[in-house]
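Notes follow once the structure below has been shown.
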Amino acid sequence: SSLSTASKILIVGAGTWGCSTALHLARRGYKHVTVLDPYPVPSPISAGTDLNKILELGSFAGDDADERYVSNKLLEAATEGWRNDPVFKPHFHETGCVLAATSDEARKHMNTRDGPSEASGWIPLRTKEDFQATMPKGVLTGEFPGWQGWWMQKGAGWVHARKSMESAAREAVRLGVKFITGEQAGRVSSLIYESSDVKGAITADGTRHYADRTILCAGASAAALFDMKDQLRPTAWTLAHIKMTPEEAKLYKDLPVLFNIERGFFMEPDEDNHELKMCDEHPGYCNWVSDTSAQDARQISSPFSRHQIPLESEERCRAFLRETMPHLADRPFSFARICWCADTPNRAFLISKHPDYASLVLGVGGSGHGFCHIPAIGGFIADAMEDKLDDKLKQSFRWRPETAQARDWKDLQGRFGPQGANKVMDFQEIKQWTNIGEQLGEQN
Ligand code: FAD
């Protein structure tokens, strides 16, 4: 059917990209937009339900000119939103960024042609004193063994993830978007296939939500709802919080992001609860299980939710702290969880109409760097639906199963980890998890 602002649009997933899409469609005047999710915003399984995410206002796209074009287009649009859109602006903290690596291989990766350089305003960091001087005295007390890196004082920083997502959803609701949430009413169990097309989605309570266009924004769960032809690899990362005292929170305010691409990253403690979030860095965990729905019993990486992390991940967090802030290295975690994202083979986004189902639009493939695009990504998804993407974006974002044939599921995809974790890992092999009390409780 032809598309107009009177068309019924159904968005599956009210996470990072689903909320952004809802907002952009409402701003474009679409009057009948409905979003389905098992959870109200912020969904505890959304990758965006998090204290903070890194925002790099620069391009790191490598040597390919078209990739650079796409990456710049995305970053320009995101930057515009973080700087000027009242929905997002309050949640952007332009505190700068320290980027570092330890091994030769990772350094080489960091120092690509479009990577940080003095010419583009980065300050080189070579000694432990250099690193320590990027933050107030008493914050970075570590030895920084073998670290080399760069410091950018402006033009980068972090964003409050959960608050940005809630803000987008709130504005979408104000503009008339309807969110239907809940285990029964909001959880999509399958898409509706009729007349060689996708005509909407069925929720767990049996309701058939018919729509003129269906937009799949289910993040790491998208591959369980639609055959993505191996273009998405659900992969999880690990995050942990440490409770800071009010005095520490004051000292740690407005810190630059610190990110060693083989060790991990942290940002300043959050303003509400004074918790410092960190992630240990590694190429990710899959959860390989037999796909019971397939005849050939193939293995798939199946996301699950857990508000704990593997003990080995806790150890990596603490090793990272010992190198940077040893005074915090033994403090108990106040919170931890695994957090799922979906990697395409080349980590470019997949934002496209489906070639065979004319009314299905895909907005997936965040690939570990999809959060900082929340101000604008929904506009690109709306452009895909309206056939307005320019040729280069269309090419980059396209449905591309040919790139996932015989996919190497263990590919590091440009990521690094410390020794022992410099590989894609499997939750099936993890026997020991943290046991952090007083948590939200485990879903599933
Ligand atoms: P999500 O936000 O996960 O949303 C998916 C939604 O689908 C959820 O709300 C879920 O409830 C819903 N859903 C699931 N199943 C169903 C169903 N059956 N029916 C209906 N709805 C369903 N990016 C950055 O830019 N900077 C960073 O620093 C950064 N750090 C990260 C750190 C970690 C630990 C992780 C895991 C990711 C990080 N990312 C970062 C990546 C970023 O978070 C993701 O790319 C982005 O949030 C993905 O958004 P999404 O909308 O695709 O998925």
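The values are calculated or read from the model by the stated rules, or taken from the named source; none is laboratory data. No experiment lies behind these values; they were computed from the predicted model shown. Quick reminder, even Gly has a Cβ in these numbers, built from the backbone with ideal geometry, and neighbours come from all protein chains shown. To get the accessible areas, we keep the full protein, side chains included, count just its heavy atoms, and leave off ligands, DNA and RNA. Shrake-Rupley method; radii C 1.70, N 1.55, O 1.52, S 1.80 Å.
Check the stretch 221-235 and report whether any residue there is more than 23 Å from I300 (Cα to Cα) and open to solvent by less than 50 Å² (accessible area, probe 1.4 Å).
no
For T5, indicate whether it is buried (at least 16 other Cβ atoms within 10 Å of the Cβ), more than 30 Å from D114 (Cα to Cα) and polar (S, T, N, Q).
So T5 does not fit the description; no.
Tell me which residues, restricted to the stretch 152-186, are more than 21 Å from H369 (Cβ to Cβ) and buried (at least 19 other Cβ atoms within 10 Å of the Cβ).
Once the filter is applied, which keeps residues that are more than 21 Å from H369 (Cβ to Cβ) and buried (at least 19 other Cβ atoms within 10 Å of the Cβ), the stretch 152-186 yields A169, E171, A172, V177, F179, G186.
Return yes or no: is T16 out of contact with any Lys or Arg (no Cβ under 6 Å at 6 or more places or on another chain) and either crowded, with 23+ Cβ neighbours inside 10 Å or modelled with pLDDT under 95 (or both)?
Yes: the conditions hold for T16.
Would you point out the residue of the stretch 271-288, among those that are of a type in the set (D, E, K, R) and not in a strand (DSSP E or B), that is nearest to the ligand (Cβ to nearest atom)?
Once the filter is applied, the top-ranked residue is E281.
Among the residues of the stretch 6-43, how many are farther than 14 Å from R187 by Cα, part of a loop (DSSP other than H, G, I, E, B) and near the ligand (Cβ under 10 Å from one of its atoms)?
1
Would you pick out the residues in the stretch 32-45 that are under 14 Å from the mean Cα position of the chain (by Cα) and open to solvent by less than 10 Å² (accessible area, probe 1.4 Å)?
If the condition is that a residue be under 14 Å from the mean Cα position of the chain (by Cα) and open to solvent by less than 10 Å² (accessible area, probe 1.4 Å), then S43 is the only one that fits.
Based on what the data block shows, is S293 open to solvent by less than 50 Å² (accessible area, probe 1.4 Å) and of a type outside the set (K, R)?
No: the conditions fail for S293.
When you look at V159, is it without any contact (Cβ under 8 Å) to a residue 12 or more places away in the chain and either in a helix (DSSP H, G or I) or within 11 Å of the ligand (Cβ to nearest atom) (or both), yes or no?
So V159 fails the test.
Of the conditions (1) surrounded by fewer than 18 Cβ atoms within 10 Å (Cβ to Cβ); (2) under 30 Å from K229 (Cα atoms); (3) charged (D, E, K, R); (4) within 23 Å of the chain's Cα centre (by Cα), E271 fails just one. Which one is it?
(2)
Which of the residues that make up the stretch 109-155 are of a type in the set (S, T, N, Q) and either in contact with a Ser or Thr (Cβ under 6 Å, 6 or more places away or on another chain) or at pLDDT below 95 (or both)?
N111, T112, S117, S120, Q153
For the stretch 46-134, which fully contained helices (runs of 4 or more DSSP H) count at least 3 residues that are open to solvent by 20 Å² or more (accessible area, probe 1.4 Å) and within 16 Å of the ligand (Cβ to nearest atom)?
65-84
Any idea how many residues of the stretch 223-270 are among the hydrophobic types (A, V, I, L, M, F, W, C), in a helix (DSSP H, G or I) and away from the ligand (no atom under 11 Å from the Cβ)?
2
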